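Take a look at the structure below.
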Amino acid sequence: MPLSSAPRPNLVGTVISQLEALIESGEWAVGSKIPPEPVLVEQLGVGRNTVREAVRALVHTGLLEPRQGDGTYVRSRSELAAAMQRRLRRSATLDAYEVRASLERDAARYAALRRTDDDLAALRAALGGRTRAWQAQDTEALIEADVTFHQKVAAAAHNPVLAELYDYFSDALRSTLSSVMRAPLPDAVRLQNAAHVTIVDAIAARDPDAAEQAAVAHLTEASQALRGLADADTPPHP
């Protein structure tokens, strides 16, 4: 979506709305660097102070993040996602996993009931992406591939509210996924390839009970492993 010259009344609010639209649509993806200030000034047809004020407002809401000497990056796609990120930073990984389990349980069940052939193809492609990232020993790629896989499950549920909520939660979930992927856990627990295959097989078979059980089982395994690590780090009572 190209930027357009902003009308004179309420310039800052208009610029904020245009930038928010680029972020929410994914044209400015989370983690990407936004155009430098002179480019925005030229494309929007406004002054530097207007652009700076708009960017500052989006930094305040958590959508953008300035990096000293590097530029400004997209941090979240919405104020809701930014709020989730702030809340998850103050939360324990296990608490986040409990919320994730609730979303993914329902997503898997509805996906088994409503998935299309295209949904199934997307799930299998995402499953392949996880495997390739693991084989390449690329942890960051594996985290992104895992997020993509579960987003595809949510999309296959064909409930736009659930899918959007999971997308927002996914932006905030990456740090908790990183905790699992980088934890000193057995490879089978960190990858959980068989568990993900079981989810896809249940969705393919249009078996909502099996899909729900597979989703819960895969997150339960990870949360139990994390709980074990937390317990091991807790000093015994005197």
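The values are calculated or read from the model by the stated rules, or taken from the named source; none is laboratory data. On a predicted model such as this, the values are computed, not experimentally measured, just so you know. All Cβ positions, even for glycine, are placed from backbone atoms using ideal geometry, and neighbour counts span all protein chains on display. We work out accessible area using only protein heavy atoms, side chains counted, and drop any ligands, DNA or RNA first. Shrake-Rupley method; radii C 1.70, N 1.55, O 1.52, S 1.80 Å.
Just a few scattered comments:
- The order of the peptides 69-79, 133-143 by mean Cβ neighbours within 10 Å, most packed first, is 69-79, 133-143.
- Size descriptor, Kirkwood hydrodynamic radius, that averages inverse alpha-carbon separations across the stretch 14-85, Å: 12.1 Å
- Tail beyond 14 Å, pair distance distribution of the stretch 98-141 (Cα, percent): 64 percent
- By accessible area, using a 1.4 Å probe on protein heavy atoms only, the stretch 7-66 has 53% of its surface on carbon and sulfur.
- Accessible-area order (highest first, 1.4 angstrom probe) of the listed residues His60, His150, His158: His60, His158, His150
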